[in-house]
Amino acid sequence: MKPGRILLSQTQIRSRVRELGRALTRRYRGKNVLVLGVMNGALFFLADLLRSLKLDDAQITCVSLASYTGTKSTGLLRGLDDLGGECLGRRVLIVDDILDTGRTLAALAARLRKLGAAEVKICVLLAKRRRREVPVRADWTGFTIADEFVVGYGLDYNGRYRNLKQVRVLEKFTK
Ligand code: IMP
Ligand code: MG
C-alpha cells in the first residue's frame, strides 16, 4: 500500500481551514471554549485551525484515541479513560481528522457529556460519504469525501504517511 492520487492539495486545505477558523471565531467569541484535539490524526489540522482562530480566551487540550488497525476499524476504542475534570461545565469543541463509522466521535461526545461538559460540538477536516454505524453529525466539516482510505495531513496507514502535506488516496502496490 502506498499514497496515490492527491485528493486535497495544500492550497485547498489551507483555504478551507482558514474559512473554518473564521466561522469558529464567530461562534466562540467570548465563550471561553475548550478545544479538544484528538491525537494523533488531528495533529496538523488542529495546529493550522488554531492559527486561524482569533480567540484570546480559548484553551487547548488533547486526548489520544485509537481504533484502527490498517484500513479497518477494530470497534475497540482506547484512550477515553484519560479524560478528566477539565471538561466539567465547559463548552467543548472536539477537533478530529475524519468522521468515518462515527464510533470514535459518538463515544467521545458521550463521555464528555457524562463528565459534565456544558456543550459538545464537533469539527472535522473530513467526513466520508457513507452510512454511519452510529448516529453522529459534525457541526463543522472541512470536506465531504468518497468512502476511500486516505492518508496525509495527519492521517495514517499503520502509523505511516501522516507527514504528507496533501491528503492522498491510499493505493495498493502494483509492483
Ligand atoms: P470512526 O470511529 O470509524 O468514525 O473512525 C474515526 C477514526 O478512524 C479517525 O479519527 C481516524 O483516526 C481513523 N480513520 C478513519 N478513516 C480513515 C482514513 O481513511 N484514513 C486514516 N484514518 C482513518
Ligand atoms: Mg482519529
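The one condition from (1) assigned to a helix (DSSP H, G or I); (2) of a type in the set (A, V, I, L, M); (3) within 16 Å of ligand 2 (Cβ to nearest atom) that ALA110 does not meet is (3).
The set of residues in the stretch 155-167 that are charged (D, E, K, R) and either surrounded by 21 or more Cβ atoms within 10 Å (Cβ to Cβ) or within 14 Å of ligand 2 (Cβ to nearest atom) (or both) comprises ASP156, ARG162.
Applying the criterion of being farther than 22 Å from LYS165 by Cα and part of a helix (DSSP H, G or I) to the residues of the stretch 23-74, the residue that is farthest from ligand 1 (Cβ to nearest atom) is ARG26. Among the residues of the stretch 68-107, those that are in contact with a helix residue (DSSP H, G or I) (Cβ under 7 Å, 6 or more places away or on another chain), within 13 Å of ligand 2 (Cβ to nearest atom) and of a type outside the set (Gly, Ala, Ser) comprise LEU77, LEU80, ILE94, VAL95, ASP96, ASP97, LEU99.
With the requirement that a residue be assigned to a strand (DSSP E or B), within 15 Å of ligand 2 (Cβ to nearest atom) and of a type in the set (A, V, I, L, M), what does the stretch 113-144 give you? ILE122, VAL124, LEU125, LEU126, ALA127 - these are the residues of the stretch 113-144 that are assigned to a strand (DSSP E or B), within 15 Å of ligand 2 (Cβ to nearest atom) and of a type in the set (A, V, I, L, M).
Counting the residues of the stretch 118-158 that are more than 20 Å from ARG78 (Cβ to Cβ), in contact (Cβ under 8 Å) with a residue 60 or more places away in the chain and among the small types (Gly, Ala, Ser) gives 2.
Checking the structure you have, find out if any residue of the stretch 81-104 is of a type in the set (Gly, Ala, Ser), in a strand (DSSP E or B), in contact with a Lys or Arg (Cβ under 7 Å, 6 or more places away or on another chain) and within 16 Å of ligand 1 (Cβ to nearest atom). No.
Pairing residues of the stretch 1-12 that are touching a residue at least 40 places away in the same chain (Cβ under 8 Å) with residues that are surrounded by 15 or more Cβ atoms within 10 Å (Cβ to Cβ) and of a type in the set (Ser, Thr, Tyr), at Cβ distances under 8 Å and at least 6 apart in sequence or on separate chains, gives MET1/TYR157; PRO3/TYR161; LEU8/TYR153. Residues that are of a type in the set (Val, Ile, Thr) and within 16 Å of ligand 2 (Cβ to nearest atom) were ranked within the stretch 50-67; the one that is nearest to LEU20 (Cα to Cα) is THR61. Among the residues of the stretch 147-154, is any surrounded by fewer than 19 Cβ atoms within 10 Å (Cβ to Cβ), among the charged types (D, E, K, R) and touching a Leu at 6+ places or on another chain (Cβ under 8 Å)? Within the stretch 147-154 (the criterion being surrounded by fewer than 19 Cβ atoms within 10 Å (Cβ to Cβ), among the charged types (D, E, K, R) and touching a Leu at 6+ places or on another chain (Cβ under 8 Å)), the answer is yes, since at least one residue qualifies.
ILE6 meets all of the listed conditions (1) in a strand (DSSP E or B); (2) surrounded by 15 or more Cβ atoms within 10 Å (Cβ to Cβ); (3) within 16 Å of ligand 2 (Cβ to nearest atom) but one, namely (3).
Coordinate-derived values only; no laboratory data. As the structure is a prediction and not an experimental result, all values here were calculated from the model. Here the Cβ is made from the backbone with ideal geometry for all residues, glycine too, and neighbour counts use every protein chain on show.
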